[in-house]
Amino acid sequence: MSERLAVRNPRSGAADYEIPRFGSAEIAPLAERMRTAQKKWLAAGVTHRVSVLQDFVAALHRHQQDIIAALSADTGRHRLAQGEFFGVVGAIERWCQQAPVLLETKDTPSMAMPDVMIGQQLDPFPLLGAISPWNFPMLLSFIDATPALLAGSAVIIKPSEVTPRFAAPIVEAIASVPALNEVLAIISGDGATGAALIDVVDAVAFTGSVATGKKVAVAAAQRLIPAFLELGGKDPAIVLPGSDIDRATTAILRASVAATGQACQSLERVYVHDSQYDDFVTTLTAKAEAVPLSFPDPHEGTIGPLIFARQAEIIAAHLADAVAKGATVRCGGEVQQLDGGCYVEPTVLSHVDHSMTVMTEETFGPIMPVMRYSEVDEAVTLANDSIYGLSAAVFGQDMATARDVAHRLNAGGVSVNDAGMTTMIFEAEKSAYGASGLGASRMGASGLLRFLRRKALYQNHGATVAIDSMRETGIEQ
Ligand code: NAD
């Protein structure tokens with residue numbers, strides 16, 4: 001493993017860290033060791049796994065300062081790094097409560113043959129590969145790893161090469177819990193490492209872009225293993241006539257610019273009825289202008305640097321395309337270079353339409369293009385005019401009207417009279433529509449159950465069926 005990859009710091013722009021690139025030579029023996037350990041992990045039962053994961057929570061707390069500092073260096077943000085840490089700890093504790101209940105099974109008599117008791121064995125994929133992106137490095141590395149571990153799988157995590165610093169202190173925390181160390185590993189590297197990982201696992205949980213998601217799906221299909229894909233989005237918000245503009249602008253601003261818009265479920269386009277368009281744009285602009293950059297002190301302000309330098313180019317290109325096609329910049333609108341970091345102030349655009357990339361492609365920045373509509377059907381058509389279908393928001397003068405519109409949207413999770421609720425509520429199951437993903441919901445009970453194969457055990461307490469009586473029992477058609 002001689003090859004090393006340089007890592008850029010999002011605040012200074014300097015390459016001040018490096019990681020080894022794991023290849024097949026390292027991953028194959030690791031996978032073999034973990035497969036052996038997984039048998040013991042599964043046999044030990046869920047109560048044991050819960051107690052090991054609780055020990056891990058204690059270990060994470062012992063390394064809390066180092067983890068948050070590394071995450072902060074990875075992402076250029078402090079408050080959100082703390083939020084990520086506590087978010088992961090909270091999720092582990094939540095799954096520890098839920099897993100024993102979800103893993104309970106009971107035998108039931110067959111309807112077709114009452115003497116036969118059907119038992120269900122929940123059999124986890126032995127080894128899961130979890131591949132994660134750079135926007136929430138710790139959260140998205142553990143979001144699937146945690147329920148899979150509790151289900152009884154062993155897990156190898158491959159974080160993004162853009163934000164790998166957080167892994168080192170977590171590896172120390174894992175090492176301090178020997179039973180966990182055998183079944184949970186974090187490896188480093190780029191896309192080639194991710195591809196090599198897919199070659200040795202029994203299932204892959206991938207979070208990232210649509211382009212990479214397709215490669216992962218193809219690689220998984222070649223091996224006939226499941227790929228759970230959580231991909232990009234271009235989430236719309238519809239503001240129906242008679243909406244509370246103060247409420248809608250507060251929620252839409254938060255759900256658009258939180259984490260500098262670097263979130264899959266960020267609102268990236270807003271449709272507002274003619275009757276309230278001007279009021280909405282004026283109010284949103286005033287609120288957006290009041291949100292400060294988090295610069296130079298990462299402990300102060302709200303809008304941190306763009307984590308991935310290439311993303312700054314995409315955002316600049318979307319803005320330039322929109323302005324060239326007639327969009328008006330109401331505030332923000334520029335990628336600024338400050339001390340080597342790339343920053344964008346919350347940006348409101350008016351006079352936008354679907355000829356602009358800012359309305360159709362994932363921007364992944366704090367950009368709020370606001371488009372006018374006159375009929376509700378037109379707003380629904382525009383909102384659904386996307387390859388994506390991650391989530392959405394609808395505001396209306398009453399819940400029923402807004403909910404009717406929510407029903408018509410191609411999106412797996414719709415916040416009604418609010419926005420971005422999928423980042424705060426985890427028990428609701430939601431599918432990704434369109435190009436936003438594939439596979440059962442990562443949220444709710446299926447977030448754990450999707451890592452289990454079902455084995456049916458047909459226990460016949462009665463007589464067996466002889467060949468010549470099959471017609472009478474209706475078994476032979
Ligand atoms: P990316 O697709 O570039 O990379 C994601 C991960 O895949 C990285 O770890 C990368 O090293 C790895 N990878 C690259 N090529 C690979 C290959 N051929 N085989 C296996 N692994 C490979 O995504 P990104 O730029 O890091 O993240 C941003 C994207 O993630 C955005 O599109 C965002 O919307 C999406 N995202 C989705 C969700 C969700 O839950 N739906 C959450 C967060 C981010």
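The values are calculated or read from the model by the stated rules, or taken from the named source; none is laboratory data. Because the structure is predicted, anything quoted here is derived from the model rather than measured. As a convention, Cβ positions derive from the backbone with ideal geometry for all residues, glycine included, and neighbour counts pool all protein chains shown.
Observations, loosely collected:
- Long-range neighbours under 8 Å by Cβ, at least six apart or interchain, first residue over 30 Å from Ala148 (Cβ atoms) within segment 102-117, second among the aromatic types (Phe, Trp, Tyr) and not in a loop (DSSP other than H, G, I, E, B): Ser110/Tyr458; Val116/Tyr458
- The number of residues in segment 216-231 that are in a helix (DSSP H, G or I) and surrounded by fewer than 23 Cβ atoms within 10 Å (Cβ to Cβ) comes to 7.
- Evaluation of Ser160 against (1) touching a Pro at 6+ places or on another chain (Cβ under 9 Å); (2) away from the ligand (no atom under 15 Å from the Cβ) (one fails), failing number: (2)
- Lone qualifier among Met359, Met368, Met424 - being within 22 Å of the chain's Cα centre (by Cα) and without any contact (Cβ under 8 Å) to a residue 12 or more places away in the chain: Met424
- Within the option set Ala220, Ala248, Ala237, Ala255, being within 16 Å of the ligand (Cβ to nearest atom) and closer than 15 Å to Ala392 by Cα holds for one residue only, Ala255.
- Residue pairs meeting the criteria (Cβ under 7 Å; at least 6 apart or on separate chains; first without any contact (Cβ under 8 Å) to a residue 40 or more places away in the chain and among the hydroxyl-bearing types (Ser, Thr, Tyr), in segment 322-342; second surrounded by 13 or more Cβ atoms within 10 Å (Cβ to Cβ) and not in a loop (DSSP other than H, G, I, E, B)): Thr328/Leu349; Thr328/Ser350
- Of all the listed residues (Leu319, Leu390), the sole one being within 16 Å of the ligand (Cβ to nearest atom) and touching a helix residue (DSSP H, G or I) at 6+ places or on another chain (Cβ under 9 Å) is Leu390.
- The single condition from (1) crowded, with 24+ Cβ neighbours inside 10 Å; (2) within 25 Å of Glu104 (Cα to Cα); (3) in contact with a Ser or Thr (Cβ under 7 Å, 6 or more places away or on another chain) that Ser141 fails is (2).
- Filter pass, Thr193 being modelled with pLDDT of 95 or more, on the phi > 0 side of the Ramachandran plot, surrounded by 20 or more Cβ atoms within 10 Å (Cβ to Cβ) and within 15 Å of the ligand (Cβ to nearest atom): no
- Only a single item in (1) of a type in the set (S, T, N, Q); (2) within 14 Å of the ligand (Cβ to nearest atom); (3) under 26 Å from Gly87 (Cβ atoms) is not met by Ser415, and it is number (2).
- The residue list Leu53, Leu60 contains one member that is surrounded by 12 or more Cβ atoms within 10 Å (Cβ to Cβ), in contact with a Cys (Cβ under 8 Å, 6 or more places away or on another chain), among the hydrophobic types (A, V, I, L, M, F, W, C) and part of a helix (DSSP H, G or I), which is Leu53.
- Evaluation of Met443 against (1) under 20 Å from Ser132 (Cα atoms); (2) out of contact with any Asp or Glu (no Cβ under 8 Å at 6 or more places or on another chain) (one fails), failing number: (2)
- Per-region count, segment 347-386, residues within 15 Å of the ligand (Cβ to nearest atom) and not acidic (Asp, Glu): 8
- Here segment 297-321 is the region considered, the condition is being without any contact (Cβ under 8 Å) to a residue 24 or more places away in the chain and out of contact with any Ser or Thr (no Cβ under 7 Å at 6 or more places or on another chain), and the residue that is surrounded by the fewest Cβ atoms within 10 Å (Cβ to Cβ) is Asp297.
- Residue within segment 90-103 that is within 16 Å of the ligand (Cβ to nearest atom) and within 28 Å of Asp199 (Cβ to Cβ) present: no
- Gly413 vs. criteria surrounded by 18 or more Cβ atoms within 10 Å (Cβ to Cβ), over 27 Å from the mean Cα position of the chain (by Cα) and touching a residue at least 24 places away in the same chain (Cβ under 8 Å): no
- Per the listing Ala324, Ala312, the residue uniquely under 25 Å from the mean Cα position of the chain (by Cα), small (Gly, Ala, Ser), more than 21 Å from Ala251 (Cβ to Cβ) and at pLDDT 95 or above is Ala312.
- Among the conditions (1) closer than 22 Å to Val177 by Cα; (2) in contact (Cβ under 8 Å) with a residue 40 or more places away in the chain; (3) among the polar types (S, T, N, Q), the only one that Ser132 does not satisfy is (1).
- Residue check, Val200 buried (at least 21 other Cβ atoms within 10 Å of the Cβ) and either in contact with a strand residue (DSSP E or B) (Cβ under 8 Å, 6 or more places away or on another chain) or at pLDDT below 95 (or both): no
- Residue that is farther than 24 Å from Thr423 by Cβ and either free of Cβ contacts under 8 Å to residues at least 24 places away in the same chain or of a type outside the set (D, E, K, R) (or both), where the choices are His354, His407: His354
- Across segment 261-279, the qualifying residues are those that are within 18 Å of Phe364 (Cα to Cα) and more than 16 Å from the chain's Cα centre (by Cα), and the one among them that is farthest from the ligand (Cβ to nearest atom) is Val270.
- Given (1) under 20 Å from the mean Cα position of the chain (by Cα); (2) over 28 Å from Ala151 (Cβ atoms); (3) more than 10 Å from the ligand (Cβ to nearest atom); (4) aliphatic (A, V, I, L, M), index of the condition Ala203 fails: (2)
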